[in-house]
């Protein structure tokens, strides 16, 4: 259970970090538009895409936070559970399909780290 708790804790931090990164990108949109680097159209499109990505991360973060470490015997079991919910959330939320691959890769990297550190 220690590894499961550690995995879920790190995954939570990583998703929150991705949310912070996207928030910074959103903040740069107006700066780039003002400096003539983005047209109004590009600024609006980027803003819309980033906000959908934030929604996807928030939705997935809620799923991660709802996982009770006691209910899982291993990190692999947690990954299997979350891996089955990600595609559904992406489809149902009309999120960019690349979110599935992004989150699955993130979980694999965290799994490998947890295995090495515990």
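The values are calculated or read from the model by the stated rules, or taken from the named source; none is laboratory data. What you see is a predicted model, and the numbers here were worked out from it, not measured in a lab. We place every Cβ from the backbone using ideal geometry, glycine too, and count neighbours over all the protein chains shown.
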### Query
Mind checking which pairs have a first residue in segment 33-62 that is at positive phi and crowded, with 17+ Cβ neighbours inside 10 Å and a second that is at pLDDT 95 or above and assigned to a helix (DSSP H, G or I), Cβ under 6 Å, 6 or more apart or different chains?
none
### Message
It is to be established whether one or more residues within segment 63-80 are surrounded by 13 or more Cβ atoms within 10 Å (Cβ to Cβ), within 13 Å of the chain's Cα centre (by Cα) and farther than 18 Å from residue 12 by Cβ.
### Response
no
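Suppose the filter is modelled with pLDDT of 95 or more and in contact with a helix residue (DSSP H, G or I) (Cβ under 6 Å, 6 or more places away or on another chain); does residue 65 pass it? Reasoning before the result, please.
Values: modelled with pLDDT of 95 or more: yes; in contact with a helix residue (DSSP H, G or I) (Cβ under 6 Å, 6 or more places away or on another chain): no.
So residue 65 does not fit the description; no.
Which one of 106, 2 is within 15 Å of the chain's Cα centre (by Cα) and under 28 Å from residue 118 (Cβ atoms)? It would help to see each step written out before you state the result.
Details: 2 fails: within 15 Å of the chain's Cα centre (by Cα).
Checking each option against the conditions leaves just 106.
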### Message
If residue 3 satisfies all but one of (1) crowded, with 17+ Cβ neighbours inside 10 Å; (2) over 26 Å from residue 80 (Cα atoms), what's the number of the condition it fails?
### Response
(2)
